[in-house]
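The values are calculated or read from the model by the stated rules, or taken from the named source; none is laboratory data. Note that this is a predicted model, so its numbers are computed, not measured. Here the Cβ positions follow ideal geometry from the backbone for every residue, glycine too, while neighbour counts run over all protein chains shown. Side chains included, ligands, DNA and RNA excluded: accessible areas come from the protein's heavy atoms. Shrake-Rupley method; radii C 1.70, N 1.55, O 1.52, S 1.80 Å.
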Amino acid sequence: MAFETRGLFVCKLNVVFIFALFAAVECLSKGFRSHAREEGSREAEEHWFTQKLDHFSGADSRVWKQRYFLNEAFYKPGGPVFLMIGGEGPANPAWMKNGTWLIYAEKLGALCLMLEHRYYGKSHPTLDLSTNNLRYLSSRQALADLAHFRTVLGVAQGLTNNKWVAFGGSYPGSLAAWFRLKYPHLVHASVATSAPVHATVNFPEYLEVVWRSLASENAQCPLLVKKASDSLVEKLKDPETFENITKDFNLCSKLQIQTEMDSAYFLEMLAGNFMDVVQYNEDNREFEGVQGGNITIKVLCDVMSDPALGDAYARYAAVARLLMDTFSLKCLDASFSNYLRDMTNTSWEGPSASGGRQWVYQTCTEFGFYQSTDSPNQPFTGFPLDYQLKQCADFYNISAEQVAQAVAQTNEYYGGYNIKSSRIVFPNGSIDPWHALGITQDITADLPAVFIKGTAHCANMYPARSQDLPQLSLARDHVLLLLQQWLKN
């Protein structure tokens, strides 16, 4: 089902990797946001659940403490239990006081829980993040965590016979769908927002959507971005330009391009600013402590269209400086060797322990999702699939063949686009590049899609505001109606 108000369609117009809806910092963003520290509310009380390390080995009795949050404010005895699923970053307790799901909880008398994903935030199953220990990090183990949590807490709190509803956005949206798919006796319904349910090694379609989203604001915008990107790639072929490039983009040290990985990392980082802004365009995320919400597709396209700033390359550099100012970055670290050092640090105190090392591991062992420049129908150049796959080898000694096999197994296990279940709703936004891997048309009456024209990643989950598009408000209302119907069954 598509919600579109004719005449009111407004396009105000990370990595590789997916957005952690509940992260205080989207550690996986490819833009400069990933370098900024952002803090959401920390007022909600932390609770801890004793969780199994390996759900699939009866001989392994090891346990660990998993963090969760609770809101009983709206609960009426016998009412449903809403379980918000944490994702690839720290669980943000701001969601216990904000978000559309709480509006639903108030109307339906629901108890609200949020469970942090294993290996993210404060939920540390192992002593470190060594590749050997990361073998316990997977969506299958995460779903088993959810099942065990629901079962034990249900018994302890007298909630076994209540109807449980799973919520999630982005990767947690996929988990919400798969929780209902794999454990239908434990979860009654799911709201799987912006969920990329189809795994794929190469995901060039992401950047194709970025092109279309930029073009919906200004038809010249993606053409100017492409011209700037192509110009930068040409400059990178001449070492004599490196000093000027270093100044233009305010790099922390003089640019050094010794391998294709060096140039690909730099080019992807700059492209990531456009990817990031498109993905979250005009999402109402301030309550999470997120910075940069005022930087929209329109803002970027206005900069790229301003002749006073110089040629397309100069405008591209101006976008980079704008984002650096927004996130209070003094300079940009464009060194792939530094990135490699950070991503191979296995300490929980390491610079990538907030989620970067863990999520890239999951892409290498389950999902792929590599947002390459392999399609001609997108505005960027210089970070092909091989660049993404080599990181799997560099970080975890996982080969390209192993990645392909793992992705095929994921789709075999969950069904990809051909999910067979019931009482799952799939909201997606047309601006969001991740909708290309999601469900955007009804599968059955009991597996409906809600495709929201003009909105971005997880837009329906964020708090409502006066400037919301009419079709976004209608989508939120429609999900509530579905929940009301399903909870009567």
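Do you know which residues across the stretch 145-196 are hydrophobic (A, V, I, L, M, F, W, C), over 30 Å from Q371 (Cβ atoms) and touching a Pro at 6+ places or on another chain (Cβ under 9 Å)? So that I can check it myself, show each step before the final result.
First pass over the stretch 145-196, keeping only residues hydrophobic (A, V, I, L, M, F, W, C): 146-147, 149, 152-153, 155-156, 159, 164-167, 175-179, 181, 186-187, 189, 191-192, 195.
With over 30 Å from Q371 (Cβ atoms) added as a condition, the list becomes 147, 149, 152-153, 155-156, 159, 164-165, 186-187, 189.
Passing the criteria: W164, V165, A189.
Taking only pairs six or more apart or across chains, which ones have beta-carbon atoms under 7 Å, a first residue in the stretch 133-155 that is closer than 15 Å to F56 by Cα, and a second residue that is acidic (D, E)?
Matching pairs, first to second residue: Y136/D54; S138/E366; S139/E366.
Restricting the first residue to the stretch 375-403 and requiring it to be farther than 21 Å from N133 by Cα, which pairs with a second residue that is hydrophobic (A, V, I, L, M, F, W, C) and open to solvent by 50 Å² or more (accessible area, probe 1.4 Å) meet a Cβ separation below 6 Å and a spacing of at least six or different chains?
These pairs meet every condition: Q378/W211; P379/W211.
Among the residues of the stretch 224-264, count how many are farther than 16 Å from P384 by Cα and open to solvent by 80 Å² or more (accessible area, probe 1.4 Å).
Here the count works out to 11.
Run down V407, V425 and say which single residue is in a helix (DSSP H, G or I), of a type in the set (V, I, T) and surrounded by 20 or more Cβ atoms within 10 Å (Cβ to Cβ).
When all the criteria are applied, what remains is V407.
Among the residues of the stretch 197-227, what is the count of those that are of a type in the set (G, A, S) and farther than 16 Å from A456 by Cβ? Outline the logic, then answer.
Of the stretch 197-227, the ones of a type in the set (G, A, S) are 199, 213, 215-216, 219.
Now drop any that are not farther than 16 Å from A456 by Cβ, which leaves 199, 219.
Summing the residues that are of a type in the set (G, A, S) and farther than 16 Å from A456 by Cβ in the stretch 197-227 gives 2.
Go through the stretch 179-190 residue by residue and tally those that are within 16 Å of V479 (Cα to Cα) and either small (G, A, S) or not in a loop (DSSP other than H, G, I, E, B) (or both). Let's see the steps before the verdict.
Within the stretch 179-190, the first condition is being within 16 Å of V479 (Cα to Cα), and the residues that meet it are 188-190.
Now drop any that are not either small (G, A, S) or not in a loop (DSSP other than H, G, I, E, B) (or both), which leaves 189-190.
Count: 2.
Of all residues in the stretch 294-332, which are part of a helix (DSSP H, G or I) and more than 16 Å from K247 (Cα to Cα)? If you could, list the steps in order and put the result at the bottom.
Restricting attention to the stretch 294-332, the residues satisfying the condition of being part of a helix (DSSP H, G or I) are 297-304, 307-309, 312-326.
Result: I297, K298, V299, L300, C301, D302, V303, M304, P307, A308, A312, T326.
Can you name the condition, by its number, that V165 falls short on among (1) out of contact with any Phe, Trp or Tyr (no Cβ under 6 Å at 6 or more places or on another chain); (2) crowded, with 24+ Cβ neighbours inside 10 Å; (3) not in a helix (DSSP H, G or I)?
(1)
Kindly indicate the residue of the stretch 65-92 that is of a type in the set (A, V, I, L, M, F, W, C) and touching a Lys or Arg at 6+ places or on another chain (Cβ under 8 Å) and also farthest from G121 (Cα to Cα) among those meeting that condition. Show your work before the answer.
Applying the first criterion (of a type in the set (A, V, I, L, M, F, W, C)) to the stretch 65-92 yields 69-70, 73-74, 81-85, 91.
Checking the rest, the ones that are also touching a Lys or Arg at 6+ places or on another chain (Cβ under 8 Å) come to 81, 83, 91.
Numbers: V81: 23, L83: 18, A91: 6 Å.
Within the stretch 65-92, the match that is farthest from G121 (Cα to Cα) is V81.
Please go through the stretch 219-253 and pick out each residue that is in contact with a Leu (Cβ under 7 Å, 6 or more places away or on another chain) and outside any helix (DSSP H, G or I).
Hits for the stretch 219-253 are F249, N250, L251, C252.
Is there any pair with a first residue in the stretch 285-304 that is over 16 Å from D325 (Cβ atoms) and open to solvent by 10 Å² or more (accessible area, probe 1.4 Å) and a second that is hydroxyl-bearing (S, T, Y) and modelled with pLDDT under 80 whose Cβ atoms are under 8 Å apart and which are 6 or more apart or on different chains, and what are they?
F287/S41; G289/S41
Here are some conditions: (1) over 30 Å from D477 (Cβ atoms); (2) open to solvent by 10 Å² or more (accessible area, probe 1.4 Å). L207 meets all but one. Which one does it not meet?
(2)
When the stretch 43-71 is examined, which residues are found to be charged (D, E, K, R), open to solvent by 50 Å² or more (accessible area, probe 1.4 Å), under 20 Å from T151 (Cβ atoms) and part of a loop (DSSP other than H, G, I, E, B)? If you could, list the steps in order and put the result at the bottom.
As a first pass, look at the stretch 43-71 and keep what is charged (D, E, K, R): 43, 45-46, 52, 54, 60, 62, 65, 67.
If we keep only those that are open to solvent by 50 Å² or more (accessible area, probe 1.4 Å) as well, we get 43, 45-46, 52, 62, 65.
If we keep only those that are under 20 Å from T151 (Cβ atoms) too, we end up with 52, 62, 65.
Listed by number, the list holds a single entry, R62.
Report, by residue number, each residue of the stretch 189-226 that is touching a strand residue (DSSP E or B) at 6+ places or on another chain (Cβ under 6 Å), more than 30 Å from Y313 (Cβ to Cβ) and not aliphatic (A, V, I, L, M).
Selection gives S190, T193, S194, T200.
Which numbered condition in (1) charged (D, E, K, R); (2) within 23 Å of N218 (Cβ to Cβ); (3) surrounded by fewer than 18 Cβ atoms within 10 Å (Cβ to Cβ) is the only one that R315 fails?
Here R315 clears every test but (3).
Does H117 satisfy the condition of being more than 20 Å from G169 (Cβ to Cβ) and modelled with pLDDT of 95 or more?
no
Can you pull out every residue in the stretch 92-126 that is open to solvent by less than 20 Å² (accessible area, probe 1.4 Å), out of contact with any strand residue (DSSP E or B) (no Cβ under 6 Å at 6 or more places or on another chain), in a loop (DSSP other than H, G, I, E, B) and under 15 Å from F167 (Cβ atoms)?
Matches in the stretch 92-126: N92, G99, H117.
So, in the stretch 458-489, how many residues would count as being open to solvent by 30 Å² or more (accessible area, probe 1.4 Å), in contact with a Ser or Thr (Cβ under 6 Å, 6 or more places away or on another chain) and assigned to a loop (DSSP other than H, G, I, E, B)?
0
For every residue, the table says whether it meets (1) open to solvent by 20 Å² or more (accessible area, probe 1.4 Å); (2) touching a Ser or Thr at 6+ places or on another chain (Cβ under 8 Å); (3) at positive phi; (4) among the β-branched types (V, I, T).
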| position | (1), (2), (3), (4) |
| --- | --- |
| L323 | no, no, no, no |
| L329 | yes, no, no, no |
| R357 | no, yes, no, no |
| V360 | no, no, no, yes |
| S372 | no, no, no, no |
| Q378 | no, no, no, no |
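Can you find, within the stretch 191-204, the residue that is most open to solvent (accessible area, probe 1.4 Å) among those that are under 30 Å from K163 (Cβ atoms) and assigned to a loop (DSSP other than H, G, I, E, B)? Don't jump to the end; show me each part of the working.
Narrowing the stretch 191-204 to residues under 30 Å from K163 (Cβ atoms): 191-199.
Imposing the further condition that a residue be assigned to a loop (DSSP other than H, G, I, E, B) reduces the set to 194-199.
Values: S194: 1, A195: 1, P196: 2, V197: 2, H198: 48, A199: 4 Å².
Looking at the filtered set, the residue picked out is H198.
Anything in the stretch 438-457 that is more than 19 Å from A189 (Cβ to Cβ) and in a loop (DSSP other than H, G, I, E, B)? List them, or say none. Step through it out loud before you land on a result.
Our first condition is that a residue be more than 19 Å from A189 (Cβ to Cβ); within the stretch 438-457, this holds for 440-441, 451-457.
Correct list: T440, Q441, K453, G454, T455, A456, H457.
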